[in-house]
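Asks: This is the structure, below, for whatever I ask next.
The values are calculated or read from the model by the stated rules, or taken from the named source; none is laboratory data. Owing to the predicted nature of the structure, the values given are computational and were not obtained by experimental measurement. Cβ sites come from the backbone with ideal geometry, for glycine too, and all protein chains shown count toward neighbours. The protein model used for the area step is the full one, side chains on, heavy atoms only, and it has no ligands, DNA or RNA in it. Shrake-Rupley method; radii C 1.70, N 1.55, O 1.52, S 1.80 Å.
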Amino acid sequence: MRIIRFLDGQRKRLAAVTDDETAYRLPQPDFMTLIHQARERGISPVQLVESAFSPTSELAGDWTSLHLVTPLDAPEVWAAGVTYQRSREARNYEATDGRLDAETFYDKVYDAERPEIFFKSTAARTIGPNEAVTLRSDSTWQIPEPELGLVLAADGSIVGYIVGNDMSCRDIEGENPLYLPQAKIWRNSCSIGPAIRLAETVQNPYAFSIVCEIYREGRMVVKSQTSTSELNRKLDELVSFLAKDNDLFDGTVLLTGTSIVPPNDFTLEPGDRIEISISSIGTLVNPVLSN
Ligand code: DO4
Ligand code: MG
């Protein structure tokens, strides 16, 4: 069961639930309200949706053709890094100009007890399905980072799963790790959507498949696939480090790191289209524009 949000004819944001192509309007305005109402009634979010289900709330057409927006206003988006071997290798390459002989801080953080967790975005900065991610004007090596996102309640519980794109500048990060915030945060550098899969409907979050496709002038120029089974960390472990002596807000999103890095000679260009799919959650589509 997945929760989406869309704009109606009056440009009002409404929530809906979907299992396949068909979506049904929800009485709740958004995902976190659904979670709270379920908790107040002592039932699960799925039970709450089912108890209020009405076939008359069916929306016309396939839900992917609705005017989708971010499925929630995540007050903060955080991101974990170097949680997959592929990310470690790619970062070692960009930080050492391809001389892969010495141990780097990426090797150290991959094996350390404490994971890398960094601040990525706020609600006002985060974009949703079909909105354009933009390229930094002072970087010549930019890629999407397709990541599984955890939707968290203020108590740290994982209440949903979402698709995320942690856009990154490989040249800026590779020049100096202290430039990480600039390599990660700029206008429209964080996208989430198109749906939130309710956590209680996911049996094994280490079995999501993640696929990234990048199109240029209608032609696919990158296709890569991975699985969350490759994660070097446990999801609860990442959440516990994020929550340590820190306030979490309802609807905080934690991106769990990338295992997909396009070939080293690839950089995004204006006009490209990025499609990131996570099994049973959906496909997050974003065109690419310059800044
Ligand atoms: O170490 C820098 C960022 C890592 C990251 O974003 C990732 O592995 O996904
Ligand atoms: Mg990342």
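Asks: Residues in segment 85-144 that are of a type in the set (Phe, Trp, Tyr) and open to solvent by less than 20 Å² (accessible area, probe 1.4 Å): how many? Steps first, answer last, please.
Replies: To start, the set of residues in segment 85-144 that are of a type in the set (Phe, Trp, Tyr) comprises 93, 105-106, 110, 118-119, 141.
Keeping just the survivors that are open to solvent by less than 20 Å² (accessible area, probe 1.4 Å) gives 106.
Of the residues in that region, 1 qualify.
Asks: Among the residues of segment 145-163, write down those that are under 11 Å from the mean Cα position of the chain (by Cα) and either more than 10 Å from ligand 1 (Cβ to nearest atom) or over 19 Å from residue 190 (Cβ atoms) (or both). Let's see the steps before the verdict.
Replies: Taking segment 145-163 and keeping what is under 11 Å from the mean Cα position of the chain (by Cα), we get 145-151, 161-163.
Correct list: 148, 149, 150, 151, 161, 162, 163.
Asks: May I ask you to list the residues in segment 37-56 that are free of Cβ contacts under 8 Å to residues at least 12 places away in the same chain and either in contact with a Pro (Cβ under 6 Å, 6 or more places away or on another chain) or closer than 18 Å to residue 251 by Cβ (or both)?
Replies: 37, 38, 39, 40
Asks: Continuing with the same structure: For segment 42-127, which fully contained helices (runs of 4 or more DSSP H) count at least 1 residues that are out of contact with any Asp or Glu (no Cβ under 6 Å at 6 or more places or on another chain) and within 16 Å of ligand 2 (Cβ to nearest atom)? I'd like the intermediate steps shown before the answer.
Replies: On the way: elements: 45-51, 85-95, 105-111.
Result: 85-95, 105-111.
Asks: Then there's this: If I filter segment 241-276 down to residues being hydroxyl-bearing (Ser, Thr, Tyr) and within 14 Å of residue 166 (Cα to Cα), which single residue comes out as most open to solvent (accessible area, probe 1.4 Å)?
Replies: 259
Asks: Restricting the search to segment 145-162, which residues are open to solvent by 10 Å² or more (accessible area, probe 1.4 Å) and either of a type outside the set (Gly, Ala, Ser) or at pLDDT below 95 (or both)?
Replies: Kept after step one, since they are open to solvent by 10 Å² or more (accessible area, probe 1.4 Å), are these residues of segment 145-162: 154-159, 161.
Listed by number, the residues that qualify are 155, 158, 159, 161.
To keep it simple, each residue is scored yes or no on (1) closer than 24 Å to residue 147 by Cα; (2) open to solvent by 70 Å² or more (accessible area, probe 1.4 Å); (3) basic (Lys, Arg).
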site	(1), (2), (3)
17	yes, no, no
25	no, yes, yes
30	yes, no, no
40	no, yes, no
44	no, no, no
65	yes, yes, no
70	yes, no, no
78	yes, no, no
82	yes, no, no
